[in-house]
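J.: Structure provided below as structure tokens; questions to follow.
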């Protein structure tokens, strides 16, 4: 005998007339197949009469991806928010790939969820701060903080790494620029040449150095605003620099005479007057040795090193040259008078 019943499928009601005495009979008559995940009320074996109501809620798979952790649930709710409530996981404050008001058809739904996390950020050398952000990866978290990454920037952990609650993210702002400089001065170098004819400690500039000139392109790398790398990538030398050439003495100096050496020569008398007879005298006044030579006179007559660093006999040998050239002891006007 046919029955007129109210049939609700996923909340959509309709009046149907079908032959049968049980809920299962009516559903079979309407071509409705139910599975293990579907909910039917009353039960399939329950009797029906005219005016009975039958409700069928079809089960559907809800595939959740929560921060990369995947799990499938069977739900009968047709709205995302209701389905999350059905499984007891509402995910307050999370970002959902489908809105909470979105529908779930009988084929089911794949739903990605990113939960809020408490993260610490050290951004571009600044003092670390802690914030709650909804992010799955380091890159996502930095974007939430207003940081736009470019290809040179460095993050720790790597920008694609997934984050979990309590993680610390360090961001280094790396900026690479190219700088062109025209007419840049190039410093000259110094080349030292050993000279065995000169005493140790003595030097002589044989050739003066000259700066060069070039147009140059630099690659500059800044990390958190500080210049860390400065590299020449190309250059056009307009004038090559010329190295300074310096002779460096390697000859051991004669043993110095440190005190007055007795003697009856005129030179001993002049030394006694000039320096108190101290052949190693160096008072810092620009005059050296027992006979108080200045360096100009000393070197003009072939003296090596400094007078105070040479022997009495060597100083006298230079003094004899001076006396011969000047025709007397006039180079020592005070102490040489009368000799």
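J.: Going through 313, 274 one at a time, which residue ends up being surrounded by fewer than 18 Cβ atoms within 10 Å (Cβ to Cβ), in a helix (DSSP H, G or I) and modelled with pLDDT under 95?
T.: Working: 274 fails: surrounded by fewer than 18 Cβ atoms within 10 Å (Cβ to Cβ).
It is 313.
J.: Can you pull out the residues in the stretch 166-205 that are crowded, with 16+ Cβ neighbours inside 10 Å, in a loop (DSSP other than H, G, I, E, B) and touching a residue at least 60 places away in the same chain (Cβ under 8 Å)?
T.: Residue satisfying the conditions is 202 alone.
J.: Hey, could you check the stretch 232-271 for residues that are modelled with pLDDT of 90 or more and part of a loop (DSSP other than H, G, I, E, B) and say which is farthest from the chain's Cα centre (by Cα)?
T.: So the residue we want is 243.
J.: Looking at the stretch 151-160, which of the residues that are surrounded by fewer than 16 Cβ atoms within 10 Å (Cβ to Cβ) and in contact (Cβ under 8 Å) with a residue 12 or more places away in the chain is nearest to residue 234 (Cα to Cα)?
T.: 152
J.: Do we have residue 106 as part of a loop (DSSP other than H, G, I, E, B), surrounded by fewer than 16 Cβ atoms within 10 Å (Cβ to Cβ) and either at pLDDT 95 or above or not assigned by TED's automatic domain parsing to the domain that holds residue 242 (or both) here?
T.: On the way: part of a loop (DSSP other than H, G, I, E, B): yes; surrounded by fewer than 16 Cβ atoms within 10 Å (Cβ to Cβ): yes; either at pLDDT 95 or above or not assigned by TED's automatic domain parsing to the domain that holds residue 242 (or both): yes.
Judged against the criteria, residue 106 is a match.
So that you can scan it fast, the table gives a plain yes or no per residue for (1) at pLDDT below 95; (2) assigned to a helix (DSSP H, G or I); (3) out of contact with any helix residue (DSSP H, G or I) (no Cβ under 8 Å at 6 or more places or on another chain):
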site	(1), (2), (3)
43	yes, no, no
51	yes, no, yes
63	no, no, yes
92	yes, no, yes
122	no, no, yes
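J.: Separate question: Looking at 95, 38, 67, which one is in the same structural domain as residue 7 (by TED's automatic domain parsing) and touching a strand residue (DSSP E or B) at 6+ places or on another chain (Cβ under 7 Å)? Steps first, please.
T.: Numbers: 95 fails: in the same structural domain as residue 7 (by TED's automatic domain parsing); 67 fails: in the same structural domain as residue 7 (by TED's automatic domain parsing).
Only one candidate qualifies: 38.
J.: Do you know which of the residues in the stretch 6-15 that are more than 60 Å from the chain's Cα centre (by Cα) and within 22 Å of residue 59 (Cβ to Cβ) is surrounded by the fewest Cβ atoms within 10 Å (Cβ to Cβ)? Reasoning before the result, please.
T.: Going through the stretch 6-15, the residues more than 60 Å from the chain's Cα centre (by Cα) turn out to be 6-9, 11-15.
Pick out the ones that are also within 22 Å of residue 59 (Cβ to Cβ) and you get 6-9, 11-14.
Working: 6: 13, 7: 20, 8: 14, 9: 15, 11: 11, 12: 8, 13: 11, 14: 10.
Taking the candidates together, the pick is 12.
J.: Conditions: (1) more than 14 Å from residue 109 (Cβ to Cβ); (2) surrounded by 14 or more Cβ atoms within 10 Å (Cβ to Cβ); (3) within 49 Å of the chain's Cα centre (by Cα). Residue 80 meets all but one. Number of the miss?
T.: Result: residue 80 fails condition (1) only.
The values are calculated or read from the model by the stated rules, or taken from the named source; none is laboratory data. These figures come from a predicted structure and were not determined experimentally. All Cβ positions, even for glycine, are placed from backbone atoms using ideal geometry, and neighbour counts span all protein chains on display.
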